[in-house]
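Below is one structure, written out as structure tokens, with a few remarks after it.
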Amino acid sequence: MINLSNISVPIPPLPRHFWAVLLAGGDGVRLRCLTERIVGDHRPKQFCPIVGAESLLSQTRGRLDPLFSGDRQVFVVSYAHERYYSKELADAKDSLVIEQPMNRGTAVGIIVALVQIMQADPDAVVGLFPCDHYYSDDEQFRSMVTSATEAAQQFPRSLVIVGAEAEYAETEYGWIEPGLVVSQTQARLCAVNRFWEKPTLPEAQALLQGGCLWNTFVTIGSAATFLELICSELPDVILSIMRALADKDLATTYARLPSVDFSRQILAHQANRLLVLPDSGSGWVDLGSPDRVLGLLAKNVNQPAWFRQTHSFSSHVRNLRKVV
């Protein structure tokens, strides 16, 4: 007899009006000590093979390819890193690679991507995906994204944000306080009572005890809703970017723009327009610090060669802390 429970059913691709924005414009300063050890230079972590043989950017693409058509994947990068991403993105159309003149924070890159996507597809539904995260179960990740896109269609005036089940009182993550359950059609979708960005340790301990979730930054919603929420907080920034795109002169505008963080300056002020989808099975880890990377690899059976070559985990951590 065939055991049907062991058979994995492929998740079908999303419709063509669904777009993925892959965020790869960060500078990765905190992990430079690791990237130098791995590849011999200070490239940002998203262009480095930290876990496995491929870079985190390539792994993110592979994770999303079964869901999003190649001509519906937009890459937000910074021109200063061109030598690192040029080969990896050689197969992407130029119009899908947004080369920022400089890094102005997550929100600015997201705005440029949203405006260009809406010009091509006014009915677009967009997912934001950081390229410096790790998932132990890609199939579970794709299932979660599919559920989030269905929720975004069911509630088009809201943004659906994915929240990972918290394991400890992390102060460097954003935290989400789930509210009332609004739908259980595909998964337990909840309203958001409040959004904290990088709380103090006592606050994080209280959030952990209260069953709050970590913000994975994976956010899905209609492009129009994204821009509406951003415009309510940063109308001048959106107007400046739209003018710069029309004039084909991003460099001049970027030089004048402030750095804007999407989580802290948008999501934290728009909790009433957010819905949260809990994720407990994808094995999400934000590779934002050396300790977090080393902790993940210490538990990983398939450890990369650069990690195995160190004398011991504890001595490696101590040496890294001296230079962080």
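The values are calculated or read from the model by the stated rules, or taken from the named source; none is laboratory data. Computed from a predicted structure; not experimentally measured. Note that each Cβ is placed from the backbone with ideal geometry, even for glycine, and that neighbours are counted across all protein chains shown. The protein model used for the area step is the full one, side chains on, heavy atoms only, and it has no ligands, DNA or RNA in it. Shrake-Rupley method; radii C 1.70, N 1.55, O 1.52, S 1.80 Å.
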Within the bounds of the stretch 64-81, is there any residue that is open to solvent by 70 Å² or more (accessible area, probe 1.4 Å), on the phi < 0 side of the Ramachandran plot, touching a Leu at 6+ places or on another chain (Cβ under 9 Å) and in contact (Cβ under 8 Å) with a residue 40 or more places away in the chain? no
Counting only residues that are in a loop (DSSP other than H, G, I, E, B) and in contact (Cβ under 8 Å) with a residue 40 or more places away in the chain, which one in the stretch 32-52 is surrounded by the most Cβ atoms within 10 Å (Cβ to Cβ)? Pro44
Here is a list of conditions, (1) modelled with pLDDT of 85 or more; (2) within 30 Å of Ile50 (Cβ to Cβ), and Gln270 meets all of them except one; can you say which number that is? (2)
Of the residues in the stretch 83-102 that are acidic (Asp, Glu) and either within 18 Å of the chain's Cα centre (by Cα) or open to solvent by 70 Å² or more (accessible area, probe 1.4 Å) (or both), the one that is farthest from Val115 (Cα to Cα) is Asp91
Where Pro202 falls short, out of the listed (1) under 22 Å from Gly25 (Cβ atoms); (2) surrounded by fewer than 20 Cβ atoms within 10 Å (Cβ to Cβ); (3) of a type outside the set (Ser, Thr, Tyr); (4) without any contact (Cβ under 8 Å) to a residue 12 or more places away in the chain: (1)
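Every residue, every condition in (1) under 22 Å from Arg264 (Cα atoms); (2) at pLDDT 95 or above; (3) of a type in the set (S, T, N, Q), yes or no:
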{"residue": "Glu88", "(1), (2), (3)": "no, no, no"}
{"residue": "Asp91", "(1), (2), (3)": "no, no, no"}
{"residue": "Val97", "(1), (2), (3)": "no, yes, no"}
{"residue": "Gly105", "(1), (2), (3)": "yes, no, no"}
{"residue": "Val108", "(1), (2), (3)": "yes, yes, no"}
{"residue": "Ala113", "(1), (2), (3)": "yes, yes, no"}
{"residue": "Ala120", "(1), (2), (3)": "no, no, no"}
{"residue": "Val126", "(1), (2), (3)": "yes, yes, no"}
{"residue": "Asp132", "(1), (2), (3)": "yes, no, no"}
Could you grab me the full set of residues in the stretch 264-292 that are over 18 Å from Trp196 (Cβ atoms) and in a helix (DSSP H, G or I)? Pro290, Asp291, Arg292
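Which members of the stretch 227-263 meet the condition of being touching a residue at least 12 places away in the same chain (Cβ under 8 Å) and either open to solvent by 60 Å² or more (accessible area, probe 1.4 Å) or not in a helix (DSSP H, G or I) (or both)?
The first filter runs over the stretch 227-263 and keeps only residues touching a residue at least 12 places away in the same chain (Cβ under 8 Å), leaving 227, 229-230, 232-234, 237-238, 240-242, 245, 250-251, 253-263.
Answer for the stretch 227-263, where residues must be touching a residue at least 12 places away in the same chain (Cβ under 8 Å) and either open to solvent by 60 Å² or more (accessible area, probe 1.4 Å) or not in a helix (DSSP H, G or I) (or both): Ser232, Glu233, Leu234, Met242, Ala255, Arg256, Leu257, Pro258, Ser259, Val260, Asp261.
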